[in-house]
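Presented below is the structure to which this report refers.
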Amino acid sequence: MSKKIKVAVAGVGNCFSSLYQGIEYYKDFDENIDGTIPGVMFPRIGGYHPADIQIVAAFDVDRRKVGRPVAEAIFAKPNCARVFCPDVPDGPVVQMGPVFDGVSDHMLEQPEKYGFRLSNETPVDVVQVLKDTGADILLNYMPVGSQIATEFYAQACIDAGVAFLNCIPVFIASNPVWEQKFIDAGLPLIGDDMRSQVGASIMSQVLQELAFDRGAVVKYHQQINIGGNSDFLNMMSQERLASKKISKENVIRAQNDLRGIPVDDESLFAGPSTWIPFLKDNKVAHFRIELEGFGGAPIEIDAKLSVQDSENSAGVVIDAIRYLKVAKEEGIVGALRGPSAWTQKTPPQQMQYADAKAECVSLANRDVDNLKVTNTFSSNVSKIRS
Ligand SMILES: NC(=O)c1ccc[n+]([C@@H]2O[C@H](COP(=O)([O-])OP(=O)(O)OC[C@H]3O[C@@H](n4cnc5c(N)ncnc54)[C@H](O)[C@@H]3O)[C@@H](O)[C@H]2O)c1
């Protein structure tokens, strides 16, 4: 398929660096004989290959990024994501976006190599840029705590007729008021707060599902995360951290809620715990799960996951972009329930692993009549066929 998916991005940080490198990295990968591409969940979604994604506009507010082509901006400080594909196309020049609450004093006070440095450029007209570039989708990669800035970009999408992929824990897709605005505008969206490809959230979910499926009682579930990138540094500010902790714990709570099993606040903890600059983009998650098994016997699980945080997230976003494009083409509007549950921590509707995956497979095959959850969800219509 030679048709491109035109994507705009707000926030040229580490996650975007990995995504942009990944689009180039995979450009010459065809499916193997068994239909796979190493490191990619779905080689084709609705016919689209990862290399069909084209970045048409980028917004940031840091003076080391604004005014530079994407190819340079993704490697500018404070980005520290692994460089696995250094030769990338120039891409568009990063434009100045409105700052709002995207940048905290805490990040401005950090040393140059870790913190943010505001550009004094005048913000561009974001809606006009989205229209002029013909963007299909806008990707929100701004820092945790960017509530007003995220609402601004969500509204810009509605005004410009662009689908929204909300990768951060500001609740838009999971907020019925915002979802209705997208439905009224005839647009799909996915959100909120991406979960990584093989990340802490999906690990916690499958361990919790495993315990329940094997009849065990979950007494305690702990997920402690450490990392050294600017996302972790930003969340050292307690008021910025709050929404992330809620979003992470939502993943675990959902597995109880789906089975009607009560969960109390003391029986779980999931959240970013500290910033350790030595780790750079290496995120380490420690899990401890205490179970009660047969005859009341104690069972303990201690596990550790070590990943490159931003590449791990790009492995999900490269799919979510394609789900949105297919939904747009198929006339599906509102928050995509299956793809949101599969790719995000706080979707409008949590699902079990297998159910969320099945929805995504149906959409990837353009088998829209098999989108069971999306089709039958009636109180909050998420699918209106054109
Ligand atoms: N695995 C993951 O890395 C992961 C998983 C889930 C969610 N997220 C979320 O994705 C988001 C992006 O993560 P990241 O690691 O790339 O963060 P980052 O700190 O590396 O990048 C954020 C970028 O946003 C820019 N920015 C700040 N205010 C802005 C504004 N008003 N307009 C445009 N740009 C603005 C900053 O200058 C910076 O370039 C974060 O909110 C993070 O929590 C990441």
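The values are calculated or read from the model by the stated rules, or taken from the named source; none is laboratory data. Computed from a prediction, not measured in an experiment: that's the story for all the values here. We place every Cβ from the backbone using ideal geometry, glycine too, and count neighbours over all the protein chains shown. Quick note on the areas: whole protein, heavy atoms, side chains included, nothing else; ligands and nucleic acids left out. Shrake-Rupley method; radii C 1.70, N 1.55, O 1.52, S 1.80 Å.
The residue that is surrounded by the most Cβ atoms within 10 Å (Cβ to Cβ), among those in region 240-272 that are more than 14 Å from the ligand (Cβ to nearest atom) and more than 18 Å from Leu210 (Cα to Cα), is Phe269.
Only one of (1) among the aliphatic types (A, V, I, L, M); (2) closer than 20 Å to Leu19 by Cβ; (3) out of contact with any helix residue (DSSP H, G or I) (no Cβ under 7 Å at 6 or more places or on another chain); (4) open to solvent by 30 Å² or more (accessible area, probe 1.4 Å) fails for Ala200. Which number is that? Only one criterion in (1) among the aliphatic types (A, V, I, L, M); (2) closer than 20 Å to Leu19 by Cβ; (3) out of contact with any helix residue (DSSP H, G or I) (no Cβ under 7 Å at 6 or more places or on another chain); (4) open to solvent by 30 Å² or more (accessible area, probe 1.4 Å) is unmet by Ala200, namely (4).
Yes or no, residue by residue, for (1) near the ligand (Cβ under 9 Å from one of its atoms); (2) of a type in the set (Val, Ile, Thr):
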site: Tyr25; (1), (2): no, no
site: Val40; (1), (2): no, yes
site: Ile45; (1), (2): no, yes
site: Asp52; (1), (2): no, no
site: Val61; (1), (2): yes, yes
site: Phe75; (1), (2): no, no
site: Pro98; (1), (2): yes, no
site: Val103; (1), (2): yes, yes
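Could you tell me which residue of region 68-82 is nearest to the chain's Cα centre (by Cα), considering only residues that are surrounded by 19 or more Cβ atoms within 10 Å (Cβ to Cβ) and more than 21 Å from Gln110 (Cα to Cα)? Restricting to residues being surrounded by 19 or more Cβ atoms within 10 Å (Cβ to Cβ) and more than 21 Å from Gln110 (Cα to Cα), the top hit is Val70. Among residues of region 154-175 that are among the acidic types (Asp, Glu), those with a Cβ under 7 angstrom from a residue that is at pLDDT 95 or above, sequence gap 6+ or separate chain, pair up as Asp159/Val127. Restricting region 83-96 to residues that are within 12 Å of the ligand (Cβ to nearest atom) and in contact with a helix residue (DSSP H, G or I) (Cβ under 9 Å, 6 or more places away or on another chain), the residue that is most open to solvent (accessible area, probe 1.4 Å) is Gln95.
Residues in region 273-315 that are closer than 30 Å to Asp213 by Cβ, among the β-branched types (Val, Ile, Thr) and touching a Gly at 6+ places or on another chain (Cβ under 8 Å): 3 in all.
Taking the conditions (1) open to solvent by 30 Å² or more (accessible area, probe 1.4 Å); (2) within 20 Å of Asn312 (Cβ to Cβ); (3) of a type outside the set (Phe, Trp, Tyr) in turn, Asp34 satisfies each one other than (2). Note on region 282-329: residues that are farther than 17 Å from Arg195 by Cβ and within 12 Å of the ligand (Cβ to nearest atom) amount to 1. Any chance region 60-67 includes a residue that's in contact with a helix residue (DSSP H, G or I) (Cβ under 6 Å, 6 or more places away or on another chain) and open to solvent by 20 Å² or more (accessible area, probe 1.4 Å)? Scanning region 60-67, I find no residue that is in contact with a helix residue (DSSP H, G or I) (Cβ under 6 Å, 6 or more places away or on another chain) and open to solvent by 20 Å² or more (accessible area, probe 1.4 Å), so the answer is no. Quick one: would you say Leu165 is part of a strand (DSSP E or B), more than 14 Å from the ligand (Cβ to nearest atom) and under 16 Å from Val9 (Cβ atoms)? In short, no.
Output the residues belonging to region 99-137 that are aromatic (Phe, Trp, Tyr) and open to solvent by less than 80 Å² (accessible area, probe 1.4 Å). Within region 99-137, Tyr114, Phe116 qualify. For region 297-306, indicate whether the set of residues that are crowded, with 17+ Cβ neighbours inside 10 Å, of a type outside the set (Gly, Ala, Ser) and in contact (Cβ under 8 Å) with a residue 12 or more places away in the chain is non-empty. Within region 297-306 (the criterion being crowded, with 17+ Cβ neighbours inside 10 Å, of a type outside the set (Gly, Ala, Ser) and in contact (Cβ under 8 Å) with a residue 12 or more places away in the chain), the answer is yes, since at least one residue qualifies. Against the numbered list (1) modelled with pLDDT of 95 or more; (2) under 30 Å from Leu258 (Cα atoms), Ala149 comes up short only at (2).
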